[in-house]
Each structure stands twice: as C-alpha cells, then as structure tokens.
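To start, the structure under review is shown below, and the notes come after it.
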Amino acid sequence: MTLPRTGPTRATTSAAPAFPADFLWGAATAAYQIEGAVDVGGRTPSIWDTFSRTPGRTAGGDTGDRATEHYHRYRQDVRLMSELGLGAYRFSVSWPRVQPTGRGPAVERGLDFYRRLVDELLEHGIEPAVTLYHWDLPQDLEDLGGWPNRTTAERFADYAALVADALGDRVGLWTTLNEPWCSAFLGYGSGVHAPGRADWTAALRAAHHLNLGHGRAVEALRATLPRAARIAVSLNLHEVRPLTGSAADREAARRIDAVGNRVFTGPMLNGGYPVDLLVDTAHLVDWAELIHDGDLTAAARPIDLLGVNYYNPTVVSALPSGPTPSAATPSAAAASDAGHGDGAQSPFAGCADVLFHRAPGERTAMGWPIDPTGLTDLLLRLHREHPGLPLMVTENGAAFDDRVTPEGAVHDPQRVDYLRGHLDAVRRAIAAGADVRGYFLWSLMDNFEWAYGYGKRFGLYHVDYATQARTAKDSARWYAEVIRRNALPDPGA
Ligand code: FCB
C-alpha cells in the first residue's frame with residue numbers, strides 16, 4: 001500500500017493552526033534497534049549485544065541480531081520515508097561497526113554503510129540527522145571500565161572525529177549523545193539497560209564522563225565539520241511534577257529534577273553542576289576527584305540546538321515518614337515511566353526515599369501515562385531557562401498493541417490521538433514563544449525496544465519480524481498528511 005505522495009509545496013489553506021514554514025518533520029531510529037547484521041563487516045559486540053545475549057536481561061531473550069534487517073533493507077526503508085514526505089531522518093551510527101574496539105582507525109566497510117544510507121537519503125530529498133551515540137558502546141571499552149572510566153570520554157571524541165570526517169560533507173545535523181541519562185542511570189544505576197550494573201557511584205561517574213565526552217565530541221566536530229553544520233545533544237528531560245504542593249513533595253521534585261535533568265543541563269548548558277545536586281549526592285561520589293580542571297569548560301562548549309525527547313511527565317512525592325535513604329524504593333516500576341524496564345533499584349541516584357506515581361488515565365502499551373501538557377511545559381521551561389537556544393523534539397511517540405488485519409491494514413487510532421495531542425502541545429509551546437525547529441517521531445518502524453524486546457511497537461510502519469514485511473499503519477497516513485499540510489488535520493479527517 002502506498003501513501004499519498006507529498007508535493008513540493010505545502011497546503012496552507014487548512015483552518016487548523018499551522019507550524020512555522022520551515023518546521024522540520026522527521027522520524028527517528030537507532031542503530032542497534034533496527035540494523036541487525038551484527039557480525040557483518042568486522043563489527044564487534046557492543047554492550048547491548050552482550051547484555052541482550054545474557055539470559056534474563058531482555059523480554060523473551062530477544063536480541064538485536066536480526067532486528068528489522070535495516071542494514072540490508074535500507075533502500076526500501078528510505079522509500080518508506082519518502083512516502084511519508086519526511087524532511088529529515090534521525091538515525092544513529094553504530095560505534096562498533098565503524099571502530100570495532102573503540103580505538104584506532106575506522107573500518108571503511110562500516111563507514112561505507114552510512115555513506116550509502118546518507119546518499120540514498122539525499123537522493124530522496126531527506127536531510128540526514130546523525131546521532132553519534134545511541135547506547136551501543138563497544139564491549140571492549142566497557143571491559144576497560146565503560147563510561148565510569150574517564151578514558152571513554154576521550155575515546156568518544158576520537159570516534160566523533162572519524163565519523164565527522166567520513167560524513168561531514170553531506171550531513172548537516174549532528175547529535176552527540178542520545179539520552180545520556182539512560183546511559184548513566186539505567187545502564188549503571190538501576191542496571192535495566194546495558195551494561196547492567198547497579199551502582200549509583202558508577203552511574204554518577206558515568207554521567208560526568210558523558211558530559212565530558214559530549215563536550216570533547218563537540219570540540220572534535222567543530223574542528224572537522226563545515227561551519228554551517230549544526231550540533232545538538234538529545235536529552236530525555238523529565239517533566240517533574242510534585243504530587244501535592246507540600247514542601248516535602250516539592251523537595252522530592254527538586255531532587256529528581258537535579259539528578260534527572262540538571263545533572264546534564266547544568267554542565268552542558270550552564271557551565272557547571274548545580275550545587276544542590278553536588279550536595280545531594282556527596283555521599284555517593286567524590287566530585288572533587290571526578291571533575292578535573294577544564295572539564296566544565298569542555299562540557300559547556302556551545303551547541304546550536306537542544307534535542308528534547310519526551311514521552312510522559314514524572315509525578316513524585318516524599319515518603320510520608322520522611323527520608324530513609326537506606327530503604328529500597330517501593331516505586332521502581334513507576335520510576336521506570338522515566339525510562340525502560342522495571343528496575344530492582346531506583347535509577348535516581350540517592351533518591352530512594354522519593355515515591356513515583358503513575359497518573360490516572362490512559363496509558364500506552366509501555367504503561368506510560370499519556371499527558372501532552374508535559375511536553376508544552378517542558379519546552380516552555382527550556383525556552384525560559386535557555387533563551388536563544390533553539391529546540392528540536394528529537395523523540396516522541398507511543399507503543400500500542402498493533403495488529404495487522406486480514407485485509408492487511410493496521411488500525412492504530414490511539415497512536416493518532418497520542419500524536420495529535422503531542423503535536424498540538426508542540427504548537428502551543430511555539431505559540432507561547434518557544435523556538436522549536438522540528439519534530440522527530442519515534443519511530444519510523446517497529447523495532448527492538450531494548451529490555452522489552454520486540455513486544456513493544458512504536459513504529460509508523462508495522463514490522464512482521466518473521467517475514468520482515470513493513471506495513472503502513474493508519475498513523476503513517478495521518479503523519480504524512482500532517483507533513484503535507486504543515487498543520488494538524490481536523491479530527492476525523
Ligand atoms: C527512548 C530511546 C529510544 C526508544 C524510545 C521508546 O528513550 O531513546 O531508543 O527506545 O525511548
């Protein structure tokens with residue numbers, strides 16, 4: 001089934017409020033979630049290969065070994081993007097595919113895959129948006145200590161330079177890290193993500209080295225890329241809301257904001273860690289030893305855009321009896337609304353006495369509450385706190401239990417509702433003054449949803465994993481129409 005072809009000009013006659021004329025419409029994926037071909041061309045295991053092959057780590061023991069075979073089917077997938085009328089496609093480069101040990105020269109065969117993909121995108125008039133790191137650290141670097149080890153930050157900058165050197169002439173939009181909060185706090189804090197360590201000290205050390213690695217990568221990209229290239233980072237900022245207006249609940253929200261948001265926005269955008277975070281976590285890590293001279297200057301290298309990944313707000317309260325730091329969190333499942341997987345230990349370092357609440361109302365198949373107001377509020381907060389820094393929604397979307405009908409259709413009205421609500425939320429933020437330049441829907445197609453395996457479907461295209469057939473969901477047609485109009489179609493249209 002083909003989607004309506006989009007024309008070169010956008011219809012502006014709709015009564016529905018339009019988006020800015022140059023608004024960038026995109027979709028996003030990540031290498032390990034779609035590529036497969038994990039042992040092709042000299043690629044070595046990443047931490048996600050190791051983790052997913054470890055019994056008990058992913059639902060059903062699913063791995064990214066095959067995923068959606070995008071490595072072999074990328075031409076077909078670019079055609080799907082073209083049918084949607086995408087202006088841009090956000091994908092990540094697999095570090096172990098282009099630099100297998102995380103050190104030394106690049107493997108040309110690995111880079112060639114991305115050169116071919118970029119060429120194909122450009123031939124279809126789709127702007128490539130490269131993410132350098134979407135969680136697939138070469139296992140060799142994890143064996144040397146991973147992100148808690150300072151050297152990983154330097155290795156990341158070297159890798160960034162290799163990729164920029166290979167693709168910089170054709171790629172204008174670059175993202176250093178995807179959701180470093182997940183890398184640090186789910187990978188090393190709760191352990192529900194690779195490499196699966198549960199150690200808050202390691203998580204905080206990882207956070208610092210991700211901040212440093214981001215900054216060093218920005219330096220490397222600036223030194224390699226043409227001046228016009230735009231550099232961003234994608235953060236999954238938590239829209240934290242206190243359950244009540246009580247002082248104790250507001251204090252709980254402040255602490256989650258510190259270790260969930262400002263641990264990255266502080267160094268990357270404000271030049272340093274917020275004092276309250278340093279105080280809150282002083283019993284877990286020796287910050288004075290961790291932060292070397294010059295680190296904060298490096299981490300704060302200016303960027304051109306801030307990528308915002310948003311799925312749902314986070315509602316917190318204090319334990320009624322007050323702080324009991326040694327207690328195991330009673331609310332790890334709700335804490336997982338902020339990430340993936342139900343952790344044995346809260347990922348929020350040092351906040352074991354904070355309770356997480358699932359707001360009543362509709363949820364996605366992930367169990368994540370549906371609340372678009374969080375996106376408007378988050379964008380407006382960022383606009384207020386970082387005036388002059390353009391924003392881009394680099395991920396937003398929803399999983400539902402999609403099925404292909406005997407007629408070969410996939411009816412997903414809940415996803416259309418979710419998208420309509422969240423795009424309207426973006427539009428509201430823009431109307432209130434936020435400088436939001438684009439929106440990347442997660443995800444182009446169903447894929448390997450990390451610890452949840454293949455059971456959670458976020459795609460505009462349904463993937464039959466046995467045959468690898470891609471089927472446009474109703475939401476794909478709807479999104480194509482949004483792009484064509486540069487506006488939200490009337491409900492029912
Ligand atoms: C984000 C990840 C992305 C995908 C979505 C659902 O946190 O960046 O890879 O898993 O969630």
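The values are calculated or read from the model by the stated rules, or taken from the named source; none is laboratory data. Since the model is a prediction, treat every value here as computed from it, not as a measurement. Quick reminder, even Gly has a Cβ in these numbers, built from the backbone with ideal geometry, and neighbours come from all protein chains shown. For the accessible areas, the whole protein counts, side chains as well, though only heavy atoms, and no ligand, DNA or RNA atoms are used. Shrake-Rupley method; radii C 1.70, N 1.55, O 1.52, S 1.80 Å.
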Open item on the list: For segment 437-451, check the following and say yes or no: at least one residue is touching a residue at least 60 places away in the same chain (Cβ under 8 Å), surrounded by fewer than 23 Cβ atoms within 10 Å (Cβ to Cβ), away from the ligand (no atom under 15 Å from the Cβ) and under 20 Å from the mean Cα position of the chain (by Cα).
Closed with: yes
Open item on the list: I need a count of the residues in segment 241-275 that are without any contact (Cβ under 8 Å) to a residue 12 or more places away in the chain and open to solvent by 50 Å² or more (accessible area, probe 1.4 Å).
Closed with: 4
Task: Candidates A333, A327, filtered to the one that is open to solvent by 10 Å² or more (accessible area, probe 1.4 Å), modelled with pLDDT under 95 and closer than 26 Å to A59 by Cα - done: A333
TODO: Select, from D112, D119, D136, D140, the only residue that is of a type in the set (D, E, K, R) and open to solvent by less than 50 Å² (accessible area, probe 1.4 Å).
DONE: D136
Task: In segment 356-380, the residues that are open to solvent by 30 Å² or more (accessible area, probe 1.4 Å) and touching a residue at least 60 places away in the same chain (Cβ under 8 Å) - done: H357, T373, D377
Open item on the list: Step by step: first the residues of segment 165-192, then only those that are touching a residue at least 60 places away in the same chain (Cβ under 8 Å) and closer than 12 Å to Q345 by Cα, then the one that is nearest to the ligand (Cβ to nearest atom). Which residue is that?
Closed with: L186
Open item on the list: With the structure loaded, tell me whether G307 is within 21 Å of A157 (Cβ to Cβ) and within 16 Å of the ligand (Cβ to nearest atom) or whether it fails that test.
Closed with: yes
Open item on the list: Contact list please: Cβ distance under 7 Å, first residue in segment 293-313 and outside any strand (DSSP E or B) and open to solvent by 20 Å² or more (accessible area, probe 1.4 Å), second residue of a type in the set (G, A, S) and away from the ligand (no atom under 16 Å from the Cβ), pairs at least six apart or on different chains.
Closed with: L296/G271; L296/G272; A300/G215; A300/G271; R301/G215
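For R66, state whether it is within 16 Å of the ligand (Cβ to nearest atom) and at pLDDT 95 or above.
So R66 fails the test.
Of all residues in segment 392-416, which are assigned to a loop (DSSP other than H, G, I, E, B) and either away from the ligand (no atom under 13 Å from the Cβ) or aromatic (F, W, Y) (or both)?
F400, D401, D402, R403, V404, T405, P406, E407, G408, A409, H411, D412
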- [ ] Count, please, the residues in segment 211-240 that happen to be within 16 Å of the ligand (Cβ to nearest atom), in contact with a helix residue (DSSP H, G or I) (Cβ under 8 Å, 6 or more places away or on another chain) and either without any contact (Cβ under 8 Å) to a residue 60 or more places away in the chain or not in a loop (DSSP other than H, G, I, E, B) (or both).
- [x] 3
TODO: Please list, ordered by first then second residue, the pairs with beta carbon atoms under 7 Å, 6 or more apart or interchain, first in segment 460-485 and free of Cβ contacts under 8 Å to residues at least 40 places away in the same chain, second assigned to a helix (DSSP H, G or I) and open to solvent by 10 Å² or more (accessible area, probe 1.4 Å).
DONE: none
Open item on the list: Return the pair list, or none, for Cβ contacts closer than 7 Å from residues in segment 29-40 that are within 17 Å of R116 (Cα to Cα) to residues that are open to solvent by 10 Å² or more (accessible area, probe 1.4 Å) and not in a helix (DSSP H, G or I), at least 6 apart or on different chains.
Closed with: G36/D65; G36/R66; G36/E69
TODO: Give V98, V107, V78 a once-over and let me know the one that is among the aliphatic types (A, V, I, L, M), at pLDDT 95 or above and over 23 Å from the mean Cα position of the chain (by Cα).
DONE: V107
Task: Within segment 464-493, tally of residues that are crowded, with 19+ Cβ neighbours inside 10 Å and small (G, A, S) - done: 5
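A quick yes/no check of all residues on (1) within 15 Å of the chain's Cα centre (by Cα); (2) closer than 19 Å to L235 by Cα:
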| position | (1), (2) |
| --- | --- |
| L162 | no, no |
| D169 | no, no |
| L173 | no, yes |
| N178 | yes, yes |
| F185 | yes, yes |
| Y188 | no, yes |
| R197 | no, no |
Task: segment 165-210, residues that are in contact with a strand residue (DSSP E or B) (Cβ under 8 Å, 6 or more places away or on another chain), part of a helix (DSSP H, G or I) and surrounded by 24 or more Cβ atoms within 10 Å (Cβ to Cβ) - done: P180, W181, S183, L210
Open item on the list: List pairs: first residue in segment 385-407 and over 20 Å from L86 (Cα atoms), second residue open to solvent by 20 Å² or more (accessible area, probe 1.4 Å) and more than 12 Å from the ligand (Cβ to nearest atom) anywhere in the structure, Cβ distance under 6 angstrom, at least six positions apart or on different chains.
Closed with: H386/L269; P390/D435; P390/R437; F400/Q414; V404/T471
Open item on the list: Among the numbered criteria (1) within 16 Å of the ligand (Cβ to nearest atom); (2) assigned to a strand (DSSP E or B); (3) closer than 23 Å to A206 by Cβ, which one does A129 miss?
Closed with: (3)
- [ ] Please work out which one of (1) within 16 Å of the ligand (Cβ to nearest atom); (2) open to solvent by 40 Å² or more (accessible area, probe 1.4 Å); (3) under 13 Å from G26 (Cα atoms) is the condition G455 fails and give its number.
- [x] (3)
